[in-house]
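Scroll down for the structure; my scribbles are underneath it.
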Amino acid sequence: MSILSGKKIVAGICGGIAAYKAASIVSKLAQAGAPVTVIMTRAACEFVTPMTFESLSHHRVLTDLWAEPLAHVELAYNADLFVLMPATYNIVGKLAHGIADDLLTTTLAATRAPVLVIPSMESQMYTNPIFQENKKKLQELGYRFLEPETGRLASGREGIGRFPSEEKVLKAIEDILAERALLKGHRVLVTAGPTREMLDPMRCITNKSSGKMGYALAEQARDLGADSVCLITGPTQLEPPAGVECVRVESAQEMRDTVLERFAQCDLILMAAAVADWRPKRASAQKLKKSGARALTLVLEKTPDILSELGRRKKQAQILVGFAAETEKLLEHAREKLKEKNLDLVVANDITAPGAGPEVETNIVTLLYRDGRSETLPCLPKREVAREVLRRVAECWKQPAQKI
Ligand code: CTP
């Protein structure tokens, strides 16, 4: 049975000449058993009539927000996937700026389903920096884009902006739907952010971790269909992803206790937190006073190494992923961690490299596997790094006899 069977797809048709190509794709989706609801913008109706899409999808085509004021809410909640084809300069601009002035944009505003955007337009519009900036903004928010092809355009000119082939569009749709079930049946635990080790009620030892990588992992695990996702986070400025259970902790000890409470019920554990290795041996109940002292000596003791403890307790069915943020000898240090902590996978990054590290939106990681393999991913937004890491973990579940 096709992955498309029974998947509720909303096709958003915009006003571009490639609207006629979208009609054939809607037909293919419907033939594969996907209930397709078509929403057309007013401009789309100038290119192809609603009747065309109605005949091919066997569903009534929606064009008017005011005809059925609640249609957008129902569609937004129930859809498995939105496909915008062709996506015009206009709709990409509206989406990037939160404009919802018709049925399609209002429905998109209300959905949490994945959105596949398939732009098609004249190359000077496509390469316009305003369009490219809007596209980048949407990609950073998780919208998926299928790149247009280069070739003959509607104007007769050659350039980038051609609507991609039907095969490519159908494959992109199938890939996104398949991905949504990748972690189905699995329970995921992610740690994120720094820990805070208190010196006195006001002061602490902490580190520069922003929590972005861990939060991205939790969000992506949710989007890849995990049965449950628990995010245990040290103090960060970030909003936890919706639909993820979030537990806030401060110290390494608290993080350890919270992780251990949940560890046995999870089968994928990703320790992205930058846990402090040391804490003050004694925390003062009162604020430390400088009162004439010329120097202050702090005595530190080791915090519990959570990951090592998990590595010792790990069961065969559990996958344990550690992180190694290094400034030198990246692979050597990361491999030591893999072995010493009994991990299945280490995600290593050189925090001094441009495009990597705690404060930036991107990361450049090398994945190290138990069998000695390593793989370096290109510089990617943290959300995509997270997705790639989770995809690789899911690969190993496809072959149950094998661990990574
Ligand atoms: N970690 C942990 N508990 C600690 C310290 C680290 O669980 N007390 C985890 C981190 O979440 C990360 C991995 O261990 O997944 C990092 O390994 P570690 O050897 O502790 O690296 P660093 O903290 O960078 O320490 P080192 O100075 O030894 O490199």
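The values are calculated or read from the model by the stated rules, or taken from the named source; none is laboratory data. Only a predicted model underlies this, so the values are computations on that prediction, with no experimental measurement involved. Glycine gets a Cβ as well: all are built from the backbone with ideal geometry, and neighbour counts include every protein chain shown. The protein model used for the area step is the full one, side chains on, heavy atoms only, and it has no ligands, DNA or RNA in it. Shrake-Rupley method; radii C 1.70, N 1.55, O 1.52, S 1.80 Å.
Brief remarks on what is shown
- Tally, over the range 234-250, of residues that are more than 12 Å from the ligand (Cβ to nearest atom) and open to solvent by less than 60 Å² (accessible area, probe 1.4 Å): 9
- Selection within the range 311-329 - more than 24 Å from ILE205 (Cα to Cα) and either within 11 Å of the ligand (Cβ to nearest atom) or basic (Lys, Arg) (or both): GLY311, ARG312, ARG313, LYS314, LYS315, LEU320, VAL321, LYS329
- Residues located in the range 335-363, provided they are crowded, with 16+ Cβ neighbours inside 10 Å and modelled with pLDDT of 95 or more: ARG335, LYS337, LEU338, LYS341, ASN342, LEU343, ASP344, LEU345, VAL346, VAL347, ALA348
- Any strands (runs of 3 or more DSSP E) falling wholly within the range 102-184 and containing at least 3 residues that are surrounded by fewer than 19 Cβ atoms within 10 Å (Cβ to Cβ), without any contact (Cβ under 8 Å) to a residue 24 or more places away in the chain and outside the structural domain of ALA43 (by TED's automatic domain parsing): none
- Residues that are among the acidic types (Asp, Glu) and within 15 Å of the ligand (Cβ to nearest atom) within the range 164-200 comprise just one, GLU197.
- Answer residue from the range 117-139, given it is modelled with pLDDT of 95 or more and polar (S, T, N, Q) and is nearest to HIS97 (Cα to Cα) among those: ASN134
- Residue ID - nearest to the ligand (Cβ to nearest atom), chosen from residues in the range 251-273 that are in a loop (DSSP other than H, G, I, E, B) and open to solvent by 70 Å² or more (accessible area, probe 1.4 Å): ALA264
- Residues in the range 23-33 that are out of contact with any helix residue (DSSP H, G or I) (no Cβ under 8 Å at 6 or more places or on another chain) and farther than 9 Å from SER57 by Cα: 2 in all.
- Within the range 290-309, the set of residues being within 16 Å of the ligand (Cβ to nearest atom) and either outside any helix (DSSP H, G or I) or under 13 Å from GLU197 (Cα atoms) (or both) comprises LEU300, GLU301, LYS302, THR303, PRO304, ASP305.
- Any helices (runs of 4 or more DSSP H) falling wholly within the range 13-59 and containing at least 2 residues that are over 23 Å from ASN78 (Cβ atoms), among the hydrophobic types (A, V, I, L, M, F, W, C) and open to solvent by 20 Å² or more (accessible area, probe 1.4 Å): 44-47
- Matching option when the condition is modelled with pLDDT of 95 or more and farther than 29 Å from PRO241 by Cα, among GLU174, GLU149: GLU149
- In the range 299-322 there is at least one residue that is touching a Leu at 6+ places or on another chain (Cβ under 6 Å), under 24 Å from GLU245 (Cβ atoms), of a type outside the set (Val, Ile, Thr) and open to solvent by 10 Å² or more (accessible area, probe 1.4 Å).
- Pairs with Cβ under 6 Å, 6+ apart, first in the range 302-315 and assigned by TED's automatic domain parsing to the domain that holds LEU260, second more than 7 Å from the ligand (Cβ to nearest atom) and among the β-branched types (Val, Ile, Thr): ILE306/VAL259
- Scanning the range 345-404 for residues that are free of Cβ contacts under 8 Å to residues at least 40 places away in the same chain, within 18 Å of GLU140 (Cα to Cα) and part of a strand (DSSP E or B) yields THR362, LEU380.
- Annotation: ALA276 fulfils all but one of (1) open to solvent by less than 30 Å² (accessible area, probe 1.4 Å); (2) more than 16 Å from the ligand (Cβ to nearest atom); the unmet one is (2).
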